């Protein structure tokens, strides 16, 4: 059986049915709790928590964006061996910490340093 969203092969006992379709666990969790990039509460809480201790993944994404000035999520995923969904999740956290932000240029969206 394949996940209706990502197409990943899943065993029948591990599939989750939602709205008459079968999803893998990752896609099911994404459906229940989508990534929120623009979340004022998350930004406020991140500021109150103080400090910007990053995971290894977050640090690598941040450094790549700082060094280049901008990058697409797809490029970051390819270069760091991650899925685009993983980059989007990490981007949301980095955005809440006000380290990076999204910028639309024409029809393309780039991740750029927050201070640019």
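Rounded is the label for the range 61-116. Its Cα gyration tensor axes, ordered a ≥ b ≥ c, give a/c under 1.5. Against the empirical 2.2 N^0.38 Å (N residues), the chain has a Cα radius of gyration ratio of 1.21. Using the rule -39500 (n - 2.57) for each DSSP H run of four or more residues, divided by the residues of the chain, the 222 nm mean residue ellipticity is -13500 deg cm²/dmol. Return the single residue from 71, 15, 92 with maximal mean-square fluctuation; model: Gaussian network over the chain, springs between Cα atoms under 10 Å. Looking only at 71, 15, 92, the largest GNM fluctuation is found for 15. How high is the FRET efficiency between residue 5 and residue 55 when r is their beta carbon distance and R₀ equals 22 Å, given to the nearest 0.05? The computed FRET efficiency comes out at 0.30.
For the residues 16, 100, 65, a GNM of the chain with alpha-carbon springs under 10 Å puts the largest fluctuation on 16.
Centroid-to-centroid, using Cα positions, the range 55-108 and the range 1-31 are 26 Å apart.
Efficiency by 1/(1 + (r/R0)^6): what FRET value for residue 75 and residue 115, r their Cβ-Cβ distance, R0 = 30 Å, to the nearest 0.05? That gives a FRET efficiency of 0.90.
Throughout, read-outs are computed from the coordinates displayed, never taken from laboratory work. Only a predicted model underlies this, so the values are computations on that prediction, with no experimental measurement involved. Neighbour counts are summed over all protein chains in view; Cβ atoms, including those assigned to glycine, are modelled from backbone coordinates with ideal geometry.
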